[in-house]
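Peer 1: I am attaching a structure below and will ask some questions about it afterwards.
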Amino acid sequence: MIKILILGGGFGGIRVALNLEEKIGSEAKITLIDKNSYHLFVPALYEVASAYGVQKDPFAVRLKKTICVPYSDIFENKNINFMQAEVSAIDPDNKKIVTEGGEILDYDYLVIALGGQVADYGVPGVKEYAFQFKDLEDALLLNRKVDELIKEVAAGIRIRPIKVAVVGAGFTGIEVAAEFACYIKKLSNYSSIRAEDIAGHIKR
Ligand SMILES: Cc1cc2nc3c(=O)[nH]c(=O)nc-3n(C[C@H](O)[C@H](O)[C@H](O)COP(=O)(O)OP(=O)(O)OC[C@H]3O[C@@H](n4cnc5c(N)ncnc54)[C@H](O)[C@@H]3O)c2cc1C
């Protein structure tokens, strides 16, 4: 039986797995490997960054449920094997991959769908001072940071307004800015925080 290994369970990896299963599922052993047990639904990441009251849910269980879709649900009743592991090396000459745990898996065909990384394009200061916004941990960190600042304003510890600068006005920048604007409006409706305590800038 043909062995197909798919590395990465983002949109790319999942689509490939489902399409291959539909077309050649009976003739191939399809295995998808991801370091997480869930697919991260990135288009909803803004909602995590700007969610109110995460502190009452210290492990953000409720939030994670809305954005993390278990692979076991996605591949339920499908002839697709899922393996949770971090891929650490690919050996194309011998058609093998190695995982962080030292496991070696062989394949006939390999699909690499491991996604991309945040790039700072060498802009000075970005790496040191800016928050990146790519995965769940980034969104939770941003949420915590904004919450800390808001608490400082509410307690009168901070006099200067909080300034949120979103750099980059592509889809992600626009969505982050819009979600934060809604978040702040909501806060100013329900607490002593005034919208003018928090100033936002979009820079391009
Ligand atoms: C905040 C945000 C919002 C976005 N919103 C939209 C949108 O609304 N519409 C849209 O079309 N696009 C959107 N995008 C872009 C979209 O998310 C990407 O284009 C898409 O996720 C790329 O898919 P991918 O499968 O190539 O990689 P990814 O989705 O990044 O998937 C890579 C997978 O590989 C896994 N992985 C990585 N390294 C390893 C390793 N060593 N071992 C094992 N597993 C590993 C990761 O856990 C991940 O599951 C958004 C991006 C961001 C950051």
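The values are calculated or read from the model by the stated rules, or taken from the named source; none is laboratory data. No experiment lies behind these values; they were computed from the predicted model shown. Note that we place each Cβ from the backbone using ideal geometry, even for glycine, and neighbour counts take in every protein chain shown. Heads up: the accessible areas ignore ligands, DNA and RNA and are worked out on the full protein's heavy atoms, side chains in. Shrake-Rupley method; radii C 1.70, N 1.55, O 1.52, S 1.80 Å.
Peer 1: In vacuum, with every alpha carbon of region 74-138 counted as one equal point scatterer, what does the Debye formula give for log10 I(q)/I(0) at q = 0.13, 0.14, 0.26, 0.30 Å⁻¹? Two decimals, please.
Peer 2: -0.62, -0.69, -1.16, -1.31
Peer 1: How much FRET efficiency would the formula 1/(1 + (r/R0)^6) give for residue 2 and residue 159, where r is the Cβ-Cβ distance and R0 is 45 Å, rounded to 0.05? Mind showing how you got there, number by number?
Peer 2: Values: r = 66 Å, r/R0 = 1.47.
Given R0 = 45 Å and the Cβ-Cβ separation, E is 0.10.
Peer 1: Test of the criteria: in region 59-112, which trypsin sites (Lys or Arg not before Pro) are in a DSSP loop and have at most 16 other Cβ atoms within 10 angstrom of their Cβ?
Peer 2: Passing both the DSSP loop test and the Cβ count: 78, 95.
Peer 1: Would you mind telling me the share, in percent, of accessible area of the chain contributed by carbon and sulfur at probe 1.4 angstrom?
Peer 2: Result for the chain: 54 percent of the exposed heavy-atom area is carbon or sulfur.
Peer 1: Quick one: angle between helix 171-190 and the longest Cα principal axis of the chain, in degrees between 0 and 90, rounded to 10, please.
Peer 2: Relative to the chain, helix 171-190 is tipped by roughly 40 degrees.
Peer 1: What is the distance, in nm, between label points placed 7 Å from the Cα along the Cα-to-Cβ direction at residue 93 and at residue 77?
Peer 2: 4.6
Peer 1: Please work out the average accessible area per residue across the chain, using the 1.4 Å probe convention, and give it in Å².
Peer 2: In whole numbers, the chain has 64 Å² accessible per residue.
Peer 1: Next question. Report the full-extension gain for the segment residue 185 to residue 29: residue separation times 0.36 nm, less the Cα-Cα distance, to one decimal in nm.
Peer 2: Extra length from residue 185 to residue 29 when fully extended: 51.0 nm.
Peer 1: Separation of region 1-41 and region 76-153 by C-alpha centroid, Å?
Peer 2: The distance from the Cα centre of region 1-41 to that of region 76-153 comes to 17 Å.
Peer 1: Pick out, from 1, 125, 84, the residue whose Cα sits farthest towards the positive end of the charge dipole of the chain, with +1 on the Cβ of Lys and Arg and -1 on the Cβ of Asp and Glu.
Peer 2: About the Cα centre, the residue reaching furthest to the positive side is 125.
Peer 1: Shape of region 31-148 from its Cα gyration tensor (a ≥ b ≥ c, root eigenvalues): rounded if a/c is under 1.5, otherwise prolate when a/b > b/c, or oblate?
Peer 2: oblate
Peer 1: Within the set 29/96; 134/163; 64/134; 65/145, which residue pairs have Cα atoms separated by over 19 Å?
Peer 2: Result: 134/163; 65/145 exceed 19 Å.
Peer 1: What are the aspartates and glutamates whose alpha-carbon lies under 17 Å from the alpha-carbon of residue 95, with same-chain residues fewer than 8 places away excluded?
Peer 2: Output for residue 95: 103, 106, 108.
Peer 1: Can I ask one more? Quick check: convex hull of the Cα atoms in the chain, volume per residue, rounded to a whole Å³?
Peer 2: In the chain, the Cα hull volume divided by residue count equals 157 Å³.
Peer 1: Please list the equivalent ellipsoid semi-axes of region 1-87, computed as the square roots of five times the alpha-carbon gyration tensor eigenvalues, in descending order and whole angstrom.
Peer 2: Numbers: eigenvalues 188, 26, 21 Å².
Ellipsoid semi-axes (Å, largest first): 31, 11, 10.
Peer 1: Let's see if you can work this out: charge +1 on each Lys and Arg Cβ, -1 on each Asp and Glu Cβ, no other charges. What is the dipole magnitude of the chain about its Cα centre, in debye to the nearest 20?
Peer 2: Dipole about the Cα centre, nearest 20: 860 debye.
Peer 1: Only Lys, Arg, Asp and Glu count, each charged at its Cβ (+1, +1, -1, -1), so figure out the dipole size of region 56-130 about its Cα centre, rounded to 20 debye.
Peer 2: Here the size comes out at about 480 debye.
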